[in-house]
Structures are given as structure tokens and as C-alpha cells.
Amino acid sequence: MTRALGSAQEILAPEDIDRFVREALDADDYAGKRVCVLVPDATRSCPLPRLLDSVYAALHGRAAGLTFMVALGTHPAMTEPQLAALFGYPPGNSGQRYPGVTIRNHEWWQPEMLVSVGTIPGSELAE
């Protein structure tokens, strides 16, 4: 099992991030599977490119496909220059940093992109 890593008072070394992510992802078999990594939009702050570099290194070549999808909530779609800034690649060239990865917005405004997975009863929410 992967241990906790870091604290609010320290900056993690890249090799520690890589090791942590690889240990977490090595526990599962991704052969033949498509993996979608949900990431926060630009209204949240984190070292996203650094974290995704580790995820990419751990999964590229192991999974049949890799998608990084921006979880927009109900925010507007991010433009290509905004996506490039968020993910740390030159505008229009995501393949320079993440070859073979699909980068996209979650298209919450498209009804066909949503699927109902059930209802949580009010009594359960009250708990």
C-alpha cells in the first residue's frame, strides 16, 4: 500500500513524486485498458504538469489509451491556449509534452455526455 507523502510545509522532490505515483499505479494491470485521468480546471492550484508527468511516465505504454480530462464543474470550456497553460505544453502541441495522450474538456453542457448512475435518497444524504 502506498504511504502518505509530503505535508503543507514541504516541497516534494520530483523523484519522490515519481516513486509515489508509480507505486500507486503499479498495483493494477492497465494492459488493454483506456485510462481517463480527471484533473482540476484553472480555478484550482496545484503543480499539475509535474504530477501528470509522473502519471504519464507510469502509464504510457502500459495502457491502451490515456486521456487527461479537465473537470470543469459548470465552468466554461477551456480554450487551447488555456489548456496549454494548465498542462504546461506549447499551445497547439500537447504531443510535445504528452505524446499519444488525448487532452479534453469535460463537455458537461452536452446532454449526450452525461449518464445517470442512480439517485441518492434524501434520507441517506441526511445521514
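The values are calculated or read from the model by the stated rules, or taken from the named source; none is laboratory data. Quick caveat, the model's predicted, so the values are computed rather than measured. Cβ sites come from the backbone with ideal geometry, for glycine too, and all protein chains shown count toward neighbours. Heads up: the accessible areas ignore ligands, DNA and RNA and are worked out on the full protein's heavy atoms, side chains in. Shrake-Rupley method; radii C 1.70, N 1.55, O 1.52, S 1.80 Å.
Couple of notes before you dig in:
- Annotation: per residue accessible area for the chain equals 67 Å², rounded to a whole number [probe 1.4 Å, protein chains only].
- Rounded to whole Å, the principal axis extents of the Cα atoms in the chain read 45, 38, 37, largest first.
- Carbon and sulfur %, accessible surface of the chain computed with the full protein complex present, 1.4 Å: 56 percent
- Charge dipole (debye, nearest 20) of region 1-98; +1 at Cβ of Lys and Arg, -1 at Cβ of Asp and Glu: 180 debye
- Over the chain, DSSP H runs of length four or greater, each weighted -39,500 (n - 2.57), average out per residue to a 222 nm ellipticity of -9000 deg cm²/dmol.
- Placing +1 on the Cβ of every Lys and Arg and -1 on the Cβ of every Asp and Glu, with nothing else charged, gives region 42-121 a dipole about its Cα centre of roughly 260 debye.
- Between the amide H of VAL37 and those of THR67, PHE68, MET69, distances stay under 5 Å, these residues lying 5 or more places away or on another chain, with hydrogens modeled in the peptide plane.
- Kyte-Doolittle at least 1.0, axis length at least 27 Å by Cα - qualifying DSSP helices, the chain: none
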